[in-house]
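The values are calculated or read from the model by the stated rules, or taken from the named source; none is laboratory data. All values derive from a computational prediction rather than experimental measurement. So basically every Cβ, Gly included, is an ideal-geometry build from the backbone, and we count neighbours across all protein chains shown. The protein model used for the area step is the full one, side chains on, heavy atoms only, and it has no ligands, DNA or RNA in it. Shrake-Rupley method; radii C 1.70, N 1.55, O 1.52, S 1.80 Å.
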Amino acid sequence: MRNHSSVREFASSAMLLAITTLLFSFPSAAQYSTQPEQQEIPPALQPPVNEKLILQLHATGDQIYTCKSESGQFNWTLKGPDAQLFDIQGQPFGKHFAGPSWQANDGSRVTGKLLATVDSPDAESIPWLLVKVVTHTGNGILSRVTTIQRLHTQGGKAPSDGCDSDHVDQEVRVPYSADYLFYGPK
């Protein structure tokens, strides 16, 4: 009996060591989602060096386009986003809408102005962006934000057809998702 007990103890110790090794060898998903990989972000989209990451959110929703006619040409024109924002635990955080604006559930809101754009690595997705915050509303979590990146976009591109004289002023919603990284002073 004593021999079997020693074998079980050894097996349990070996399994615990293997599990511990695995846990510390691979970063968790949460660690990955809070630490953006700077090497994959194009230089044009880097935030100012005197800023640090404050918040990372994931958006899912739609890019809304309107069919417009100008000088006899018909094009889908961006009206704005309509997306829900989620924190890294997947909990509702707020919304993203035309402006472009981001609003937290605590009432704080920022509106930005485009600084730089880089094509997404996925040709079927909207570009990655760097946005400078130009207005703040409220004193919540977004009140310190000065720069925003839009990265890791999926979908959201305007349709390539369907905008013509029969569809002027018609809206179309195109599903998209993206990560938004919010920076503020160090």
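Fraction of C-alpha pairs exceeding 25 angstrom in segment 79-186: 25 percent, rounded to a whole number.
Per-peptide packing, taken as the mean over residues of other Cβ atoms within 10 Å, places 153-165, 58-70 in the sequence 58-70, 153-165 from highest down. Count charges around Val172 for me, please; just the other residues with Cβ under 15 Å from its Cβ, Lys/Arg as +1, Asp/Glu as -1. Local net charge: -3. Can you give me the % of accessible surface on segment 147-186 that is carbon or sulfur? Probe 1.4 Å, all protein chains present, nothing else counted. About 46 percent, which is the carbon plus sulfur part of the accessible surface. Computed on segment 40-186, with alpha-carbon pairs under 8 angstrom and 6+ residues apart, the relative contact order is 31 percent. Counting only lysines at least 8 places from Lys79 when in the same chain, those with an alpha carbon closer than 17 Å to its own are Lys68, Lys95, Lys113, Lys157.
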